[in-house]
Amino acid sequence: MTDRSNISAYVHEQQRIQQHILTSLARSQRALTQMLEAVADITQQSADAQISSESIISNPKETVQRVVDHIQLISNYQRQLAAKITGISIQRRVRVRGHNGKPWLNHEHIAELHQAIEEKM
């Protein structure tokens, strides 16, 4: 009976730790979002004020890109950590660029549409 209670306590403690880590990851993601918003605000303000290249931010676009790159690295690490903890893989959507294919048309329905149009005329 004590083995069961030890296993139960171990599982409970493991779940509590996992929940704590996932809560921390969520808090970190919110902080990263706030950082991105702050960088966007600074970039917008510097563009609006037309700050010269001698200012603190010599190249806002380059600075923003570096911050975005760092945040993406942190997010990837956090995604992998969350996947290891939960066992659920969180896939990042990848935008696929290319040409659209031809639309698929069901010829049976097209024939029905043509008949309905002809009947109304």
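Yes or no: residue 108 surrounded by fewer than 10 Cβ atoms within 10 Å (Cβ to Cβ) and acidic (Asp, Glu)? It would help to see each step written out before you state the result.
Numbers: surrounded by fewer than 10 Cβ atoms within 10 Å (Cβ to Cβ): yes; acidic (Asp, Glu): yes.
Yes; evaluated as a whole, the condition is true for this residue.
Looking only at the range 73-121, count how many residues are part of a loop (DSSP other than H, G, I, E, B) and within 22 Å of residue 26 (Cα to Cα). Outline the logic, then answer.
Going residue by residue through the range 73-121, those that are part of a loop (DSSP other than H, G, I, E, B) are 87-106, 121.
Okay, now just the ones that are also within 22 Å of residue 26 (Cα to Cα), so 87-94.
Final tally of qualifying residues: 8.
Pull up the range 7-46, narrow it to residues that are open to solvent by less than 50 Å² (accessible area, probe 1.4 Å) and touching a residue at least 40 places away in the same chain (Cβ under 8 Å), then point me to the one that is nearest to residue 73 (Cα to Cα).
Step by step, filter the range 7-46, then rank; the result is 32.
Condition first: of a type in the set (Val, Ile, Thr), modelled with pLDDT under 80 and part of a loop (DSSP other than H, G, I, E, B). Can you find one or more residues in the range 21-39 that meet it?
Here is the first cut: in the range 21-39, the residues of a type in the set (Val, Ile, Thr) are 21, 23, 33, 39.
Filter again for modelled with pLDDT under 80, leaving 39.
Still in the list and also part of a loop (DSSP other than H, G, I, E, B): none.
Looking for residues that are of a type in the set (Val, Ile, Thr), modelled with pLDDT under 80 and part of a loop (DSSP other than H, G, I, E, B), one finds none in the range 21-39, hence no.
The values are calculated or read from the model by the stated rules, or taken from the named source; none is laboratory data. Owing to the predicted nature of the structure, the values given are computational and were not obtained by experimental measurement. Every residue, glycine among them, receives a Cβ derived from its backbone with ideal geometry; neighbour counts consider all protein chains shown. The protein model used for the area step is the full one, side chains on, heavy atoms only, and it has no ligands, DNA or RNA in it. Shrake-Rupley method; radii C 1.70, N 1.55, O 1.52, S 1.80 Å.
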